[in-house]
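Values quoted throughout were computed directly from the atomic coordinates according to the rules given, and no laboratory measurement underlies them. For clarity, every value in this text was computed on a predicted model and none was experimentally measured. We place every Cβ from the backbone using ideal geometry, glycine too, and count neighbours over all the protein chains shown.
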Amino acid sequence: MINCSVCQTENDQYSTICKKCGGFLQNRVPNLDLFDVLWKIIENPRNAFRMIMLAEHKNYAVFLYTLSGIAIMFAEFWHFKFGDRVENILLIFFLAILIGIPLGIALCPIASSIHWGLSKILGNKASFRNSLGITSYSLTPIVISLLFVLPVELLTFGMYFFTFNPPPITIKPISYILLIGLDIALIIWAWVLLVIGTKVGNQISLWKSILISSLVYGFLLFGLMAGGEFTLKMF
């Protein structure tokens, strides 16, 4: 909570105008600078999410979801060993982008709505716009995986990264374990950021934030796995 310096009324932590006297409380951030916020996410996620909550516009939310959608498609192709079904890695690139972009755009309102709905059920003052900001910027590690880890995986294993015969772990076992371990660590980091963002943005307890974040990931994982199986049946 934040107290008004004029009338001493308690206001919401992210209010900019006092609800009683209309006095000025704090500056609202007009727009978010992508690289500044991403750096703050890494350096101090609590302050970063506080800035996101104060922002009038949740800039780049759809962009982050779009990149994450592409990353998810590459992960699906890896999980379902899509390389055993096609012979050209360029086709995997093309399909990952072709399907990943609309997937990310679709996930933007879906994931935000799930997060918002769960937050409302647990009795806090959540808003869809805040859930959009929290969920999108918590995907920062997924974007890092797409832009920095995936290229190394492709340069190291090529088409075999997406095949079962031969499995990539038999080609370069240490490199494979390290890279997959890094991917897993980045996914865990994304979940932790969602927990932190939920706690800071919705001003709720840690256990509620963990519950909401876990349910969001659970719902999305179930949907993505089912969707992945359906997509692969087309090939």
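What does the charge add up to near residue 133, with Lys and Arg as +1, Asp and Glu as -1, over the other residues with Cβ less than 12 Å from its Cβ?
+2
Taking 0.36 nm per residue of sequence separation and subtracting the Cα-Cα distance, how much length would be gained by fully extending the chain between residue 172 and residue 88, in nm to one decimal?
28.1 nm
Ranking request for peptides 176-183, 189-196: highest mean number of other beta-carbon atoms within 10 Å first, then the rest in descending order.
Output ranking for 176-183, 189-196: 189-196, 176-183.
If you take the beta carbon distance between residue 180 and residue 106 as r and set R0 to 22 Å, what does 1/(1 + (r/R0)^6) give as a FRET efficiency, to the nearest 0.05?
E between residue 180 and residue 106, to the nearest 0.05, is 0.25.
On a C-alpha basis, how far is the centre of the range 166-207 from the centre of the range 119-147 in Å? Whole number, if you could?
If we compute the Cα centre of each part, the gap is 16 Å.
Around residue 55, which amide H atoms from residues at least 5 apart in sequence, or from another chain, sit under 5 Å from its own amide H, with H modelled in the peptide plane?
Amide H neighbours of residue 55: 29.
Applying 1/(1 + (r/R0)^6) with R0 = 22 Å to the Cβ-Cβ distance of residue 42 and residue 206, what FRET efficiency is obtained, to the nearest 0.05?
0.55
Order 87-99, 137-149, 56-68 from most to least packed using the mean count of other Cβ atoms within 10 Å.
137-149, 56-68, 87-99
Describe numerically, in nm with one decimal, the distance between label points set 7 Å from Cα along Cα→Cβ at residue 154 and at residue 57.
Computed distance between label sites residue 154 and residue 57 equals 3.1 nm.
As an exercise, use a Förster radius of 22 Å and the Cβ-Cβ distance of residue 129 and residue 97 to find the FRET efficiency, rounded to the nearest 0.05.
For residue 129 and residue 97, the calculated efficiency is 0.20.
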